[in-house]
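Engineer: This is the structure I have questions about; it appears just below.
The values are calculated or read from the model by the stated rules, or taken from the named source; none is laboratory data. Quick caveat: nothing in here was measured; it's all calculated off a predicted structure. Heads up, the Cβs are rebuilt from the backbone with ideal geometry, glycines too, and the neighbour counts pull from every protein chain shown.
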Amino acid sequence: MVNKRILVVDDNELFRESIVETLRRQNYTVDAAKDGPNALQMVQANKYNLVISDMKMPGMTGIQLLENIKKLDPDMPFLIITAYGAIETAVDAMKKGAYDFLQKSDNLIRELELTVERTLQFQSLLTENKNLKSVIKKQNDFIGHNNVMNEIRSMINSVAESKSTVLITGESGTGKELIARAIHFQSRRSNGPFVKVNCAALPEGLIESELFGHEKGAFTGAIKQKKGMFESASGGSLLLDEIGEMPMIAQAKLLRVLQEKEIHKVGGDDPIEVDVRVIATTNRDLESQVQDGNFREDLFYRLNVIHVHLPPLRDRKDDIPEIISHFIQKLNLENGFHVDGLDDSCIPVITSHNWPGNIRELENAVERAVVMTKTGLIKPEMFKFHTRLHHDESTGLQPGTTVAEAEKQLIYKTLDHCNNNRTKAAELLGISIRTLRNKLNEYDGRVEDVNEGV
């Protein structure tokens, strides 16, 4: 590996120089120190990719040097060279943060070359992983600095490190999933999986299998064992999206898992322990659903340990320019556009609109404006709002129209607006896919023509 800088520490000059020459032949940049104190000074003054130290040295042992360097740079890779047979000491060094150890033997030079290469490769992977996590964390950060969003940001920082379940509520399109991801990636579970389950999209007959898995032969079609979402999310976080749409029978099984921290596969006898942090989201008023008998009260309390409520965009309009700026930068990068931002005359237009679709509607509006503009400043005429979905005068309703018929007309108009995409229509209507599907089944025609894609 070219351009890697290594520090070799040993009080024996002859041995030290032989190590230095060996590594220089491998095209590494190598410095040498005769003892621990000298090595510490060099580490403070320079950036090294690896430190290799003898174990026994006067004044400061290799383990003492290791401990001091880890205080300066916890991520610094460290190799210990020990006398033959000193295994216990080497193991102690690894417990304190050494990556590996080498024994002084006839094969030392060859083992040194291989171990150094392996150590630096591992360190490169760690660095790459750390950088990727930083990018992912930034991607899953949310924008907004008004008082409410600052309080939510502070709450996330406080609850991320706990194992407590979190309930995130808010209207459709407010960014509930983004908040869930922010909680996951700021927690100690960020190395683990983040698994999302849309409760409204799960077939009622397969919910238990999807969540908890099944054994081979558990039911017709179960041709092999399958992991459920809980098992797949073990060690990480499980997002139960649209939790208010979960059937009562599944709610009872979910409650048991939250209480006992273990699952039973469909068709299985033995419990399986799972270490999962559950985050649930809903655009429903779960307390009202509890009162109406549509949601279990005991499950509600289990989920509502930490409650985060996201305000609608109309209540945080001061954040809109910053959010738009973020979307413009993202779209410029993705498409090679050169849109500089908003013309000042856009501000009254975007702040006078109530954004019933919240962040999702705003993102779609900005995308259209950026695509139509491509370069320079976005003009106000680039923003087109579909007000017919939200105002009575454009629905064509007449006095005497029943509530049921008005509901039917609104659903079909929304489907027209969304090109018959049920997922998008349900989001605009503020209902679940399952509720929309049931409504369509009540009506005549058009049901088969509707697609459920995103």
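Engineer: Those residues that are modelled with pLDDT of 80 or more and not in a helix (DSSP H, G or I), I need them from region 107-142; list them, please.
Structural biologist: The one that is modelled with pLDDT of 80 or more and not in a helix (DSSP H, G or I): 107.
Engineer: Just the residues that are in a loop (DSSP other than H, G, I, E, B) and either hydroxyl-bearing (Ser, Thr, Tyr) or without any contact (Cβ under 8 Å) to a residue 12 or more places away in the chain (or both), please, taken from region 217-238.
Structural biologist: Of everything in region 217-238, those that are in a loop (DSSP other than H, G, I, E, B) and either hydroxyl-bearing (Ser, Thr, Tyr) or without any contact (Cβ under 8 Å) to a residue 12 or more places away in the chain (or both) turn out to be 220, 221, 223, 224, 234.
Engineer: Working only within region 345-380, note down all residues that are closer than 29 Å to residue 170 by Cα, surrounded by fewer than 15 Cβ atoms within 10 Å (Cβ to Cβ) and charged (D, E, K, R).
Structural biologist: Correct list: 368 only.
Engineer: Quick check: is even one residue across region 327-334 over 24 Å from the mean Cα position of the chain (by Cα) and either surrounded by 14 or more Cβ atoms within 10 Å (Cβ to Cβ) or not acidic (Asp, Glu) (or both)?
Structural biologist: no
Engineer: Here is a follow-up. Find the residue count for region 23-41, including only residues that are buried (at least 16 other Cβ atoms within 10 Å of the Cβ) and under 39 Å from the mean Cα position of the chain (by Cα).
Structural biologist: 2
Engineer: Let me ask something additional. Within region 278-296, can you find the residues that are small (Gly, Ala, Ser) and part of a strand (DSSP E or B)?
Structural biologist: Residue satisfying the conditions is 280 alone.
Engineer: Let me ask another. Any idea which of 298, 315 is acidic (Asp, Glu) and within 25 Å of residue 430 (Cα to Cα)?
Structural biologist: 315
Engineer: Here's something else I'd like to know. Just to check your reading of the model, which residue among 49, 3 is under 21 Å from residue 125 (Cα atoms), surrounded by 20 or more Cβ atoms within 10 Å (Cβ to Cβ) and in contact with a strand residue (DSSP E or B) (Cβ under 8 Å, 6 or more places away or on another chain)?
Structural biologist: So the residue among 49, 3 that is under 21 Å from residue 125 (Cα atoms), surrounded by 20 or more Cβ atoms within 10 Å (Cβ to Cβ) and in contact with a strand residue (DSSP E or B) (Cβ under 8 Å, 6 or more places away or on another chain) is 49.
Engineer: Here are 270, 275: which of them is touching a residue at least 24 places away in the same chain (Cβ under 8 Å), part of a loop (DSSP other than H, G, I, E, B), in the same structural domain as residue 305 (by TED's automatic domain parsing) and not small (Gly, Ala, Ser)?
Structural biologist: 275
Engineer: Condition (residue is exposed (fewer than 15 other Cβ atoms within 10 Å of the Cβ), on the phi < 0 side of the Ramachandran plot, small (Gly, Ala, Ser) and modelled with pLDDT of 90 or more) applied to region 245-265: is it met by at least one residue?
Structural biologist: Checking region 245-265: at least one residue is exposed (fewer than 15 other Cβ atoms within 10 Å of the Cβ), on the phi < 0 side of the Ramachandran plot, small (Gly, Ala, Ser) and modelled with pLDDT of 90 or more.
Engineer: Still on this structure: Listed residues 274, 278, 370, 366; which is touching a strand residue (DSSP E or B) at 6+ places or on another chain (Cβ under 6 Å), over 30 Å from residue 251 (Cβ atoms) and at pLDDT 90 or above?
Structural biologist: None of the other options fit; the residue is 370.
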